[in-house]
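What follows is one structure encoded as structure tokens, with my remarks underneath.
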Amino acid sequence: MSATEFEQDLAKTNGVVVRYWAKPVAIKANGKLMGMSFEKTELDASGKLVGTGETFDVPADQILKAIGQKIKPDDLAGMEITGGKIIVDDTYQTTAPGVFAGGDCIKSGEDLTVQSVEDGKQAAIAIDAFLKTASA
């Protein structure tokens, strides 16, 4: 997916690994998620991005499809929504107890891909802390 040079640099400073010239082709699973397969790409003579046929796998225990969306308030009972974005507190918890949100569905400021990724990462950290506290 496209991102400006600024967004890419900001993502890298926040620990995001950027893989260029690759497109997702398959989710790998065997009763449980194992990862994702990608095909390497290149520009053809006309400047069109095409697959090379060479693939590689990235292990994963979770895959998130992050391509933007519109909030459907009916699906988010108990969550406060303002301006088409879910309201979260400093720990990324929504107004629905025990429910967290991150990414471009929350109002965090700049509407940049890298900001959405960072928000998602911070929400995951908050969820981990919440679950560790709940199980203690």
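The values are calculated or read from the model by the stated rules, or taken from the named source; none is laboratory data. Note that the structure is predicted; figures quoted are calculated from it, not measured. Remember, those area values only see protein heavy atoms, side chains included, never the ligands or the DNA or RNA. Shrake-Rupley method; radii C 1.70, N 1.55, O 1.52, S 1.80 Å.
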**Study point:** 0 to 90° range, to nearest 10: angle between helix 113-135 axis and the chain longest Cα axis
**Key:** 50 degrees
Review point. Once Rh is set to the Kirkwood radius over Cα pairs, what Stokes-Einstein translational diffusion coefficient, in µm²/s, holds for segment 45-136 at a temperature of 4 °C and a viscosity of 1.567 mPa s?
Key: 84 µm²/s
Practice item. Jot down the radius of gyration and Dmax of segment 1-107, Cα atoms only, both in angstrom. Key: 17.9, 54
Point to revise | Rounded percent of accessible protein surface that carbon and sulfur make up, segment 25-136, 1.4 Å probe | key: 55 percent
Review point. Hey, which of these cross-link pairs are over 22 Å Cα-Cα: LYS28/LYS107; LYS23/LYS72; LYS85/LYS132; LYS40/LYS70; LYS70/LYS132; LYS65/LYS85?
Key: LYS28/LYS107; LYS23/LYS72; LYS85/LYS132; LYS40/LYS70; LYS70/LYS132
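Taking 0.36 nm per residue of separation and subtracting the Cα-Cα distance, what length does fully extending ASP90 through GLU5 add?
Values: separation 85, 0.36 × 85 = 30.60 nm, distance 2.83 nm.
This chain segment gains 27.8 nm when fully extended.
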